[in-house]
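The values are calculated or read from the model by the stated rules, or taken from the named source; none is laboratory data. Small disclaimer: the values here were computed from a predicted structure and weren't measured. Glycine gets a Cβ as well: all are built from the backbone with ideal geometry, and neighbour counts include every protein chain shown. Surface accessibility is based on the protein's heavy atoms, side chains included, excluding ligands, DNA and RNA. Shrake-Rupley method; radii C 1.70, N 1.55, O 1.52, S 1.80 Å.
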Amino acid sequence: MYYLLPILISGLILLVSACAPRYKGPVTDHFDGKKFFNPGMPERGTGSLLKWLLNRDKGPWPEQPDAYVGDRPATRIEGDSVVLTFVNHSTFLIQTAGLNILTDPVWSNRVGPTSWLGIKRKRPPGLRFEELPPIDVVLLSHNHYDHLDLPTIRKLVKTHNPLFVTPLGVSHLPKSVDGRTTRELDWNDTLTINDKLWLTCTQAQHFSNRGMGDRDQTLWCGYLLHTGFGITYFCGDSGYGPHFKHIAEQAEQSGGPIKLALLPIGSYRPEWFMAPVHVSPAGAVQAFVDLKARQAVGIHFGTFQQGDDGLFEPAEDLRKALKEKSIPDSQFLVPQEGRPMVFK
């Protein structure tokens, strides 16, 4: 009987975590009045999830607790160049124009409803939290635990008090730990942070939930960052779809093209199940082509084993996909944690 207790506790936590505020607003082409949805894509049923969970074939993921951790970053980077440092998963430090920006920050050892219920990291963060420069802005793409980690948000609020940018329905999470937020953004909305940075909220093909009863009740998105450098695109989480061509058009209309695109390459196997919501390396290369971006950097790999792809498969499959498209490896980089990259 005792073996049922952890299952019951886990289920209770998931139910409680689902009792967060839901977005309420007018019906749109991606919101039916109760839930958000991906236009033109049917919702996945629970049957396919169970089929995957019962037939998993995980690639090798050796833990690497002694992986490289970078030096303390510069306090500020002035001028129009971008210094980009990969922390882990979808967390990047973006430094440009005297601003320090974090994307989907995660420093916890596990991502989930509690510190013990969730997916354990296999590599340490590429930057030490206590060595971060002053953080001005945090971009949150959606509410999944591997992208919105409340323990990390709480520490950021306490030590940096940054401004949090969120899609519709998501701002209550940083607010719950006293975070400062902007107005929530819908796809295609723009937001001016200051005279050095303005944002466009972009469509993504994904889903949202933090428990068992809040599926798709908040929005998911990516962002175009408009700075003196030009346009940087942070994809967040997304499957491959026609929205990438639309994002290229948005960039062109606002002074594009996209100079730097941060595109996911991991958690894509098995593709029959993952493809609608997680782009594969081959799909990321096609998205890079659709976006007409000058440079791409891979994200969403190497930290948490979520899909069945092994630790090294995303980079290997990316190289194969680039070769098939006759695109040089130098145009779509696989970043290394903690090592700053400079783009001009």
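Here is how the numbers come out for the structure above:
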{"quantity": "Residues of the stretch 133-155 satisfying the condition of being touching a strand residue (DSSP E or B) at 6+ places or on another chain (Cβ under 9 Å) and surrounded by fewer than 22 Cβ atoms within 10 Å (Cβ to Cβ)", "calculated": "133, 134, 135, 136, 137, 144, 145, 152"}
{"quantity": "Neighbours by Cβ (under 8 Å, 6+ apart or cross-chain): first from the stretch 210-229, touching a residue at least 24 places away in the same chain (Cβ under 8 Å); second open to solvent by less than 10 Å² (accessible area, probe 1.4 Å) and of a type in the set (Asp, Glu)", "calculated": "220/237"}
{"quantity": "Matching residues, the stretch 209-243, being part of a strand (DSSP E or B) and over 15 Å from the mean Cα position of the chain (by Cα)", "calculated": "226, 227, 230, 231"}
{"quantity": "The stretch 263-273, residues that are among the hydrophobic types (A, V, I, L, M, F, W, C), buried (at least 21 other Cβ atoms within 10 Å of the Cβ) and out of contact with any Pro (no Cβ under 9 Å at 6 or more places or on another chain)", "calculated": "263"}
{"quantity": "Residues satisfying the stated conditions in the stretch 190-206, i.e. open to solvent by 30 Å² or more (accessible area, probe 1.4 Å) and not acidic (Asp, Glu)", "calculated": "190, 192, 193, 194, 196, 198, 203"}
{"quantity": "Some residue of the stretch 37-52 being at pLDDT 95 or above, open to solvent by less than 90 Å² (accessible area, probe 1.4 Å), more than 20 Å from residue 237 (Cα to Cα) and in a loop (DSSP other than H, G, I, E, B)", "calculated": "no"}
{"quantity": "Flag for residue 205 being closer than 18 Å to residue 278 by Cα and either in a loop (DSSP other than H, G, I, E, B) or over 18 Å from the mean Cα position of the chain (by Cα) (or both)", "calculated": "yes"}
{"quantity": "The one condition in (1) crowded, with 20+ Cβ neighbours inside 10 Å; (2) touching an Asp or Glu at 6+ places or on another chain (Cβ under 8 Å); (3) touching a residue at least 60 places away in the same chain (Cβ under 8 Å) that residue 103 fails to fulfil", "calculated": "(2)"}
{"quantity": "Residues of the stretch 236-271 that turn out to be closer than 12 Å to residue 292 by Cα and in contact with a Cys (Cβ under 8 Å, 6 or more places away or on another chain), as a count", "calculated": "1"}
{"quantity": "Neighbours by Cβ (under 6 Å, 6+ apart or cross-chain): first from the stretch 37-58, under 29 Å from residue 311 (Cβ atoms); second open to solvent by less than 100 Å² (accessible area, probe 1.4 Å) and assigned to a helix (DSSP H, G or I)", "calculated": "48/273; 52/273"}
{"quantity": "Criterion: among the β-branched types (Val, Ile, Thr), modelled with pLDDT of 95 or more and within 29 Å of residue 192 (Cβ to Cβ) - qualifying residue of 342, 277", "calculated": "342"}
{"quantity": "Residues of the stretch 288-325 satisfying the condition of being under 28 Å from residue 253 (Cα atoms) and open to solvent by 80 Å² or more (accessible area, probe 1.4 Å)", "calculated": "292, 294, 325"}
{"quantity": "The stretch 3-36, subset at pLDDT below 85 and of a type outside the set (A, V, I, L, M, F, W, C), residue surrounded by the fewest Cβ atoms within 10 Å (Cβ to Cβ)", "calculated": "3"}
{"quantity": "Single residue of the stretch 231-253 satisfying the filter (open to solvent by 20 Å² or more (accessible area, probe 1.4 Å) and not aromatic (Phe, Trp, Tyr)) that is farthest from residue 267 (Cα to Cα)", "calculated": "253"}
{"quantity": "Single unsatisfied condition, residue 161 versus (1) in contact with a Lys or Arg (Cβ under 7 Å, 6 or more places away or on another chain); (2) surrounded by 15 or more Cβ atoms within 10 Å (Cβ to Cβ)", "calculated": "(2)"}
{"quantity": "Subset tally (residues that are free of Cβ contacts under 8 Å to residues at least 60 places away in the same chain and either out of contact with any Asp or Glu (no Cβ under 9 Å at 6 or more places or on another chain) or of a type in the set (S, T, N, Q) (or both)) for the stretch 113-151", "calculated": "11"}
{"quantity": "Residue check for residue 70: at pLDDT below 90 and not basic (Lys, Arg)", "calculated": "no"}
